[in-house]
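Computed from the coordinates by the stated procedures, all read-outs in this text should not be read as laboratory data. Source: prediction; values computed, not measured. Cβ atoms come from the backbone with ideal geometry, glycine included; neighbour counts cover every protein chain shown.
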Amino acid sequence: MKKQSGFTLIELLLVLAIIGIISAIAIPALLSQRARARDKASIDNMVGRVGDLVGQWDKSREAGTPASGAIASMQAYLTNTGGADKNPWNGTAGAPSTAFNASFNTQTGNMTASAFATACSGTATTGNFGQAQFSYQIPTASGAPGFFGGAVYVQNKVSGKNVVIKVSSLE
């Protein structure tokens, strides 16, 4: 009698079935994690740039640059330093390739911080998915507050919304 070694067909089919079940569970979880990572990268890009640009505003204003010149300086800074930054969602149908929109949206009126945040959130849409949109309201001599903010549209809801906003005061 010959001793056989190896696996039977039933054992091999059982192993393949187990691998298929594990794959069916793991692949959607992996794709979900990738989407959350892209959203997080988009949010981090926007929040980091808001801080950088407000710092650029302060630097320009301390140098005596008028408000309109400080905004132009901020746009030039973003263009010069952010050109290599890519939108993490690039590759998705219609997603822009750059991480930032270098042309800022002007918000006018004597807005409060919450009204400015609402107006800022309206600039982030599915058409600029994953790309940071920046808005500003220049402070006036009559006492109207100034704000600079960013908004980004993401896939997974954060605090119940698809738009994440960061607003800072300008002095």
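For the pair A102 and L31, label points projected 7 Å from Cα toward Cβ lie 3.6 nm apart. When the Kirkwood radius is taken over all Cα pairs of the chain, what Stokes-Einstein diffusion coefficient follows at 37 °C and 0.692 mPa s, in µm²/s? Result for D is 177 µm²/s.
Suppose the Debye formula is applied to equal point scatterers at every Cα of region 52-128; what is log10 I(q)/I(0) at q = 0.16, 0.27, 0.28 Å⁻¹? Rounded to two decimals, the profile gives -0.76, -1.22, -1.23. Using 0.36 nm per residue and subtracting the Cα-Cα separation, the extra length available between T65 and L13 on full extension is 11.3 nm. For region 32-47, the Karplus equation 6.51 cos²θ - 1.76 cosθ + 1.60, evaluated at θ = phi - 60°, returns couplings of 5, 5, 5, 5, 5, 5, 5, 4, 4, 5, 4, 5, 4, 4, 5, 5 Hz by residue, with Gly and Pro reported as x.
In region 105-171, the ratio of gyration radius to Kirkwood radius, Rg to Rh, stands at 1.02 when only Cα atoms are counted. If a spin label sat at a point 7 angstrom from the Cα of A115 along the line to its beta carbon, the backbone N atoms of region 138-157 nearer than 12 Å would be those of 144-145.
Scanning residues 5 or more positions from K86 or on other chains, those with amide H under 5 Å from its amide H are A99, with H placed 1.01 Å from N in the peptide plane. At q = 0.23, 0.27, 0.32 Å⁻¹, work out log10 I(q)/I(0) for region 1-44 with the Debye formula, treating every Cα as an identical point scatterer and leaving solvent out; two decimals please. With no solvent term, the Cα-only Debye profile gives -0.80, -0.89, -1.00.
Rounded to the nearest Hz, the phi-derived 3J(HN,Hα) couplings of region 68-83 under the Karplus curve 6.51 cos²θ - 1.76 cosθ + 1.60 (θ = phi - 60°) are 5, x, 5, 5, 4, 5, 5, 5, 5, 4, 5, 5, 6, 9, x, x, where x marks glycine and proline. Springs join every pair of Cα atoms under 10 Å in this Gaussian network model of the chain, and among Q107, Q33, Q131 the largest mean-square fluctuation is at Q33.
3J(HN,Hα) along region 6-19, derived from phi through the Karplus expression 6.51 cos²θ - 1.76 cosθ + 1.60 where θ = phi - 60°, amounts to x, 10, 7, 4, 4, 5, 5, 5, 5, 4, 5, 5, 5, 4 Hz, with x in place of Gly and Pro.
Within the listed set G127, G69, G143, the residue fluctuating most in the Gaussian network model of the chain (springs between alpha-carbon atoms under 10 angstrom) is G143.
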